[in-house]
Structure formats: structure tokens, C-alpha cells
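No lab work stands behind these numbers, since they all come straight from the coordinates. Bear in mind that the values here come from a model prediction, so they are computed numbers and not experimental data. Using ideal geometry, Cβ is built from the backbone for each residue, glycine included, and neighbour counts are taken over all protein chains shown.
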Amino acid sequence: MQPTRQHRSVTVWFYIGTLLALYGVLLTAAGVYQWLHPPATVLAQKHATFWAGVLLLVIGGTYTILYWPRPDNRSMHDGSRVE
């Protein structure tokens, strides 16, 4: 007997993508602040915090878009339908 309600599942990669994007926003904001007010460190000219934030934004945004929950419950990768 089939249940009448359909349960929609969200993949863990969607949550990982949103967390990476959130960390990317935080690091990018901190990197912009450090760019305007450089700390007294040797490698401050490299702006590592800013570039790490941009990288996390790109990776997190990609994962979030790729694994966004779809209303038809189809996976993008195998083409099968989850029931």
C-alpha cells in the first residue's frame, strides 16, 4: 500500500553548499575590511581572507544551484525518479 503523502528529501550537498556560501560571505566581508585596514602582518598584501571568501562563495554557490531542491524530485545526475 502506497502512502498518500509524498516526502520530499533534500540532499546533504544542498546544505553543504549553503554553509560554504555563508562562510564565503563572512570571509569576503572580513577580507574587504582587512583590505581597507591592513593588519601588521608580512603577507597582508596577498589578501588571503578576501580570496578565500570569494573561493568559498563560488564553490558554495555552485553546490547550492546544482543541488537546489526540485519540485519533481528528479535527480540531475541519474535521471531516475525518486518515489
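Annotations
- A simple spin-label model places pseudo-atoms 7 Å from Cα toward Cβ; at TRP51 and ALA30 they are separated by 1.7 nm.
- Mean silhouette area of segment 12-66, derived from the convex hull of its C-alpha atoms and averaged over all directions, reads 3.5 nm².
- The peptide list 42-48, 53-59, put in order of mean Cβ contacts within 10 Å with the highest first, becomes 53-59, 42-48.
- Spin-label model distance (nm) - ARG70 vs VAL58, 7 Å beyond Cα toward Cβ: 2.6
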